[in-house]
Every structure is written in C-alpha cells, then in structure tokens.
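This report refers to the structure that appears directly beneath it.
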Amino acid sequence: MKAQLLTFVTLFNLSSVFAQQGLLQATVQDAYSRERLAGATLNIQGRSYGAATGLQGEAILNLPSGDYTLLVRYLGYQDTTLQVTVSPQKNNQLLIELQSSTTELSGVIVNGALQGQAQALNQQKSADNIKNIVAADQIGRFPDPNAAEALQRVPGVNIERDQGEGRYVLVRGLAPQFTNISVNGEQIPSPEADVRFVALDAIPSDQLASMEVTKALTPDMDGDAIGGNVNLITRTASSATPEIKATIVGGYNHLVEKANIQGSLQYGQRFGENEKFGLLLNASYYHNDLGSDNWEREPFDNELELRDYTLTRTRLGLSSTLDYKFRPGQEAYFRVLQTRFTDREMRERYVFKTEDEEIERITKDRFEAQSVTSINLGAKHNFPGVHIDYEVQYSYGEQDTPYDYEGTFINPTPSEIDFSNTDFPKLVNVSGYEDNSAYAFDALEVGNTLAQDQNITAKLNLGIPYSTGNSEGEIKFGGKVRFKKKSYNITQEVYEGHGDVPALDTFEGDLPEQEFLKGEYQLFRPLDLGKLITYYNNNLNEFELQIEDKAIDEALEAYEATENVYAAYLMARHQFAKLMILGGVRYEKTNVDYKSSDVIIAPNGDLQQIIPVSGNSDYDFVLPQVHFKYTLDNFTNLRAALTYSYARPNFSEIIPSQEANLEDEEATVGNPELLPVSALNLDVLAERYFGSVGILSAGFFYKRLDDFIYPRVLFNSQYPLNGTPVASGIRVTQSQNGGTA
C-alpha cells in the first residue's frame, strides 16, 4: 500500500511538473537563401537552458511556461535576439532567420564559399563531446571520389590506400579494426570475409550530407570503438522548392592513357501542407581505368618480383530519404543507401627465384564486386517532458568474386640480383627470360568466393528533461539489440598438367603498351588467360585437378558465424552557467557461435583428416564515460573526457579452424577464447573559433589498451594446444592476448 501511494505521489508530482512545461520548436535558416542551418546555438538569457539545431536546422527546448529572451548564435552570421512566449502543454513553433556576416559590395554578396565549412564548425562547436564534422559542401570542394578520400582531410584521421585510392580509415594512428563505421547512426557490416572493418572505397562521397568523426564516445553510442566512430549521414530534402543538383568530373590516367569520369544527380523536395512530406533521391556513378608498376622483395630473401597491374574500377551509389512530420517535434523517416563497387584486376608477375634457379611468370585475372545496403526505419517524438526515438535497421555487406583465374609458367633459368641500388635492383646474369617458349606450364588456378555479413538492429531511447533553478539537464536511457550473421564460402581448384600442355608462347598476348617503371625493366608478351582457359576447356584430359589441395583450401577458409549483442545505457547531461557535464554508463553483452573445420596434413604431405568443429565465446563490458565542456566565451571551448571502450577481434582470429601441416612441422590455430581489446581513453582539447569561419585547436589524448591482440609463435609445441596431442615439437602460430599497450 505504501509503495502504491509513493508511486501515485511521484506520478502526480511529475504530471504537475510536465503540466507546466511547454515545448519550443525553433527552426533556424539563412535569411537570404532559406537554407537550414545546422549547429546553431539557442540560449535563454539569464538561465542555463539551451539547445543546438540538428541537420535540418531544428532544435527542441523544454521550458516552463512563460516569457523568455532567446539568443541565437551561428558562426559567420549576426547574433539574433528574440522575445518568445512558451505556453504550457503546447508545441510552440518559431522560425528564426539569421543574417549573414558576409560583406556586400555594390550589390554583389560574397556568400556560399564557406557555408559548408560554417555548418560543420558550428556543429562541432555545439557538440557535447569531441568530434570533427565534414559537411557536403566541403566534400564537394575536393576531387574525392569515395568516403575514405574525403575523411583524410579530418584532423587525426589518415587512410590506407589500395592502388592509389583511399580504402581504410585510421583514427588517431590506430589500425582500422579499432574504428566503427556507421551509416545514419548504425554500424554497417564488412563485405570482406575475415575482418570487421569496412573499406570505404565502396561508398561514394557524393551520397553524403555530412561525415562525423567522434573521438570520445558517449554512453548512448556503441562501445566497440577505441579509435573512434565514423558516421556517414545521407541527405534529406529541406525545401518545398524542387532542388535538382548535378555534377560531372573528369580525369586522365597517364600510366594507362585512359580517361575516368564521375557524375551525380540529386532531386529533393518537400510536399503538402506545412511541407510535412520530404523526398530525396540521389544517384552517382564513377568509372576509373588505372594501373601501377612496382617491384617487391620479401625481407631477407634474394627474390625479386616485378608486378604490372591494370585495373578497371566502378562505383555506383543510390540513396533515398522519405520523411514525414506528423506535427512539430514528431516525425518518421525511411532511409536507404545502396552502393556497389567493382574491381577488375589484371596482374602480370615476374618472380626471379635465385635459390631455386627458376623464373616464374604468373598472370592473374580477377573480378570482385563489393556491395553495401543500409535501411533505416524509425521515428522521433518530442513531447513536453519526454523525448522518444526508436529505430529498426537492416544492413547487408557482400563481397562476390565470381571468377579468379591465375596461370603459372616456369622457366628453369638461374638468375642473380644486385640489391645495392635500393631504388631499382639490377638483374645480373639473367639470360633467356624474354623467351616465352622456355616457360613450361605449371598450374592453372580457378576460384570463386562469396562473403556475406548481415546486421539486424533495433533500438529505443528515452530522454527526460529537467530543471533545477536556472540550470537544466536531461536524463537519458535506452537499449539496443543487434543480430549478426557472417559467412564465407570458397571454391578453389588447382589444375596441373600431364606434360602435354604447350609452353607459354602458345598462349601469349600482346606486348605491353607502356614502359614498365619508365623503362628500368623490360616486360615481354604476357600470358593471355583467355587462350589458356579455352585450351583447358577443349583439352580436359591434359589437366589434373589437385583434389587434396581443393579440399584443404575450401575447408580452411569457409566458416559460418552468428553474433548477438545486447546493450543498455543510462546517462545524464547537466548544463550549469558555462559548464556542461555529461556522464553515464553503458553495458554491452556479446554471444558468438562459429562453425568451421580443422585440417590435418600427414607427415608424408598427404591430407590426413578434415574435422568439422564449432566454437563459441561470451563476454560483456561495463563502460563508464564522463565528458566536460567549459565555454570560456562564445568562441572558445575547453573540453575533457574520460571514457572506456573496446574492440572485438577480427573473425579470422577467433574462428576455431586449425591447420596442422605435420610434414612442415607447423600449425596455424584459431583462438575462440580470444578476448576483445579494452581501453581507457583520456582526452583534453581546447578550441578557438573565429567569426571568419575558422578554428584553432590543440589537444592531448592518451589510450591504455589492455589485452591487446598479437600473433604469437610457439616453438617446440604440441598440436592441438589442449587435449591429446596429435604431434609434438612443431611450430604453432596463434593470435593471443597480450598485456598492456
């Protein structure tokens, strides 16, 4: 009875408080262009109440009913003061138009060149945590064809390249697996088989409204990001006036002497009474012919490898956003992003093996297609006294390699390499390597692979604003579940000849059109794989499938995995006069199951056994996080954050598949007991913004990583590591956890 009475009294008090609350929804836009302004700050004079506008230029303030003086600020615009009245239990709407600070000379207004930068810096300035933001206008100022290329311009971010194009993103010097990649706030799966991180060369930069790089996490964000979180935000319609934008960009690759092209087309418009319904469609396409010449050498060996690449890459992006605003502060949305990246690679290799006294000629032809799909369906409701948002998301990543051909011919010719010239090692006493008739057939490899990764996510967040005197805050809590399925299937076939397959000169193609490494080395007529495959199809009796090699390769690499993540958090944000404190805790639990195979190769080199195996692991983390932001003045912020985060192992490290080659006395062993890397993160940052839309910032960060992962080699060990040994005295390689880094 007492508990019921206490509950009744509590609810009565809350209802009394909420009955006196009103909801002020402000929309901030440019007075001249009517473009919505994201990142504008709204403050109630004489109180600590405040808010910042989102991507659509809208902000929500929960205020006690009454009259207020509202101050609106935005870098590059004049400060604006308004008198507003908030009525209880109502959604009070307010349209605010800001005048630009740009100079007008003789009727010509200098405007727009820095508008994208202003929007990004205003969002950074008003953010509660440490982040960097790149707006669409800034992205368009540079010839960046994909998201990775655009992100390289963010402080503290660098990229890994593949054939000259940006591919993986590294935040604060940490490897790609320490950074989350999200689209519209939710993680997307990796199309690649053995890793979690996403290659951003698959996502066109002109599909995005902005990119956020969060370097200090808050409790309402996924906790598995030690380096940071990269959030790619797609575009939304903002005006009743039809907006149609088109771009076309061209280039030329001197090495392959071919042109490349990139183009995009976007349409956006809002419809109906009060512009409630918004529709945006965006499409982009990129085609690039490129190539590269290089030589390679493994450490400590005397082999020289010359590589000649010719590639064709395409990138297609399609995105759409539909949103409907039921009433002020309440909306539903449906967002779709679909990308497809294709890579056709032709590679010619000369491998000079001095110790084996032979030269290998290896030609490869591989086509690979990566696709990423992200679908978000959700809604937001802002009531006086409570904010609610919820969302379901489906995302899918795939890497499909329908064909991967590789032909190898060998010439038993001795060679000598002089590595004294570190720029271009010299071939010494090598004769006859240009004679294709001297290269005998060795092997034809035919393969295809399919990697699939799927996420299904659901989340719910609730925020309850409150006030204490002249200061205000919000208590926020919520939960999330994510169900992942990841698999990899491979077909790998190796064919050797019976001695009747002709030499390389029978299958040779045309001479290379360009000089290799500007004439430092000479390449001759390459293998035409089409001719070799045609010969194979017409003369099957001259080729023998290596059945054991096929079984070994396919058993070792194929796997299936499921991963279920359950998360909940509680956080509070309180704004004092100039000091903002945000703190809370997040809990995440992960359940993982795997299926794969063990492969044992007998001491005589034959396949001994393939054993289906399964494994699982469970772990959880409690992640406390606290942020401080002190506003010295309107242009200067001091920030500090102490957060905990972690990073899950790559799938290639934890799947329980094992390979034991008893002939070579070595084994590679998966580790399903591998722990994630956990981290303590300390961040301190000072930032000074300028009215001319600029910023000067300086910061310090420290990360202590526990249970870091490294490949450990165990000499003179047994196989398996646990249980009854099949062999002893062999070298075993396994990813294991270290101490502190």
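The values are calculated or read from the model by the stated rules, or taken from the named source; none is laboratory data. Owing to the predicted nature of the structure, the values given are computational and were not obtained by experimental measurement. Reconstructed Cβ throughout: ideal geometry from the backbone, glycine too, with neighbour counts over all protein chains shown. Areas reflect the complete protein model, heavy atoms only, side chains present, ligands, DNA and RNA absent. Shrake-Rupley method; radii C 1.70, N 1.55, O 1.52, S 1.80 Å.
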If you scan region 197-234, which residues turn out to be open to solvent by 10 Å² or more (accessible area, probe 1.4 Å), farther than 18 Å from Y569 by Cβ and part of a strand (DSSP E or B)?
A209, E212, I233
Residues satisfying the stated conditions in region 347-361, i.e. open to solvent by less than 10 Å² (accessible area, probe 1.4 Å) and within 15 Å of L504 (Cβ to Cβ)
Y350, V351, I359, R361
Looking only at region 400-421, count every residue that is buried (at least 19 other Cβ atoms within 10 Å of the Cβ) and acidic (D, E) and tell me the total.
2
Inspect all residues belonging to region 497-518 and state whether any of them is open to solvent by 30 Å² or more (accessible area, probe 1.4 Å), within 30 Å of L540 (Cα to Cα) and among the aliphatic types (A, V, I, L, M).
yes
Pull up region 716-740, narrow it to residues that are modelled with pLDDT of 90 or more and open to solvent by 80 Å² or more (accessible area, probe 1.4 Å), then point me to the one that is farthest from A641 (Cα to Cα).
R731
So which residues in region 600-625 are in contact with a strand residue (DSSP E or B) (Cβ under 7 Å, 6 or more places away or on another chain), more than 29 Å from E563 (Cα to Cα) and either part of a loop (DSSP other than H, G, I, E, B) or small (G, A, S) (or both)?
A602
Spot the failing condition for E554; the list is (1) under 22 Å from K485 (Cα atoms); (2) at pLDDT 95 or above, and only one is missed.
(2)
Write out, first by first residue and then by second, each pair whose Cβ atoms fall under 6 Å of each other, whose residues are 6+ apart or on separate chains, and whose first residue, in region 77-96, is in contact (Cβ under 8 Å) with a residue 24 or more places away in the chain and closer than 16 Å to P64 by Cβ while the second is β-branched (V, I, T) and buried (at least 18 other Cβ atoms within 10 Å of the Cβ).
N92/V86
Selected residue (criterion: least open to solvent (accessible area, probe 1.4 Å)) from residues of region 64-76 that are touching a residue at least 60 places away in the same chain (Cβ under 8 Å) and on the phi < 0 side of the Ramachandran plot
L75
Does N489 meet the test of being open to solvent by 60 Å² or more (accessible area, probe 1.4 Å), touching a strand residue (DSSP E or B) at 6+ places or on another chain (Cβ under 6 Å) and of a type outside the set (D, E, K, R)?
yes
Using the structure shown, decide if P143 is open to solvent by 30 Å² or more (accessible area, probe 1.4 Å) and farther than 20 Å from A641 by Cβ.
yes
Tell me which residues, restricted to region 32-56, are open to solvent by less than 20 Å² (accessible area, probe 1.4 Å) and either within 16 Å of A120 (Cβ to Cβ) or at pLDDT 80 or above (or both).
L37, A38, G39, A40, L42, I44, T53
Take V592 and tell me if it is at pLDDT 90 or above, exposed (fewer than 15 other Cβ atoms within 10 Å of the Cβ), part of a strand (DSSP E or B) and among the β-branched types (V, I, T).
no
Mind counting the residues in region 524-535 that are surrounded by fewer than 18 Cβ atoms within 10 Å (Cβ to Cβ) and in contact with a Leu (Cβ under 8 Å, 6 or more places away or on another chain)?
3
Which strands (runs of 3 or more DSSP E) sit wholly inside region 368-449 and have at least 3 residues that are within 30 Å of S190 (Cα to Cα), at pLDDT 95 or above and of a type outside the set (A, V, I, L, M, F, W, C)?
386-411
Out of everything in region 87-107 that is at pLDDT below 85, open to solvent by less than 70 Å² (accessible area, probe 1.4 Å) and not in a loop (DSSP other than H, G, I, E, B), what residue ends up being farthest from G22 (Cα to Cα)?
S100
Go through D365, D343 for me and flag whichever is charged (D, E, K, R), in a strand (DSSP E or B), at pLDDT 95 or above and within 20 Å of D453 (Cβ to Cβ).
D343
Considering only residues of region 548-585 that are outside any helix (DSSP H, G or I) and among the basic types (K, R), which is least open to solvent (accessible area, probe 1.4 Å)?
R573
When you go through A202, A225 one by one, which is the residue that is of a type in the set (A, V, I, L, M) and modelled with pLDDT of 90 or more?
A225
Say whether the condition of being basic (K, R), in contact with a Phe, Trp or Tyr (Cβ under 7 Å, 6 or more places away or on another chain) and in contact (Cβ under 8 Å) with a residue 40 or more places away in the chain is met by at least one residue in region 156-172.
yes
Scan region 125-168 for residues that are of a type outside the set (A, V, I, L, M), closer than 29 Å to K629 by Cβ and under 15 Å from the mean Cα position of the chain (by Cα) and jot them down.
Q152, N158
Among residues of region 127-140, those that are more than 20 Å from V169 (Cα to Cα) and either surrounded by 22 or more Cβ atoms within 10 Å (Cβ to Cβ) or modelled with pLDDT under 80 (or both), counted:
1
Considering only residues of region 451-484 that are of a type outside the set (V, I, T), within 21 Å of the chain's Cα centre (by Cα) and surrounded by fewer than 16 Cβ atoms within 10 Å (Cβ to Cβ), which is nearest to I60 (Cα to Cα)?
A458
Tell me, yes or no, whether region 608-627 has at least one residue that is among the acidic types (D, E) and surrounded by fewer than 20 Cβ atoms within 10 Å (Cβ to Cβ).
yes
Residue pairs, Cβ under 7 Å, 6 or more apart or interchain, first in region 520-549 and of a type outside the set (A, V, I, L, M), second part of a loop (DSSP other than H, G, I, E, B) and open to solvent by less than 40 Å² (accessible area, probe 1.4 Å). List them.
R525/G509; P526/G509; D528/G509; E542/V501
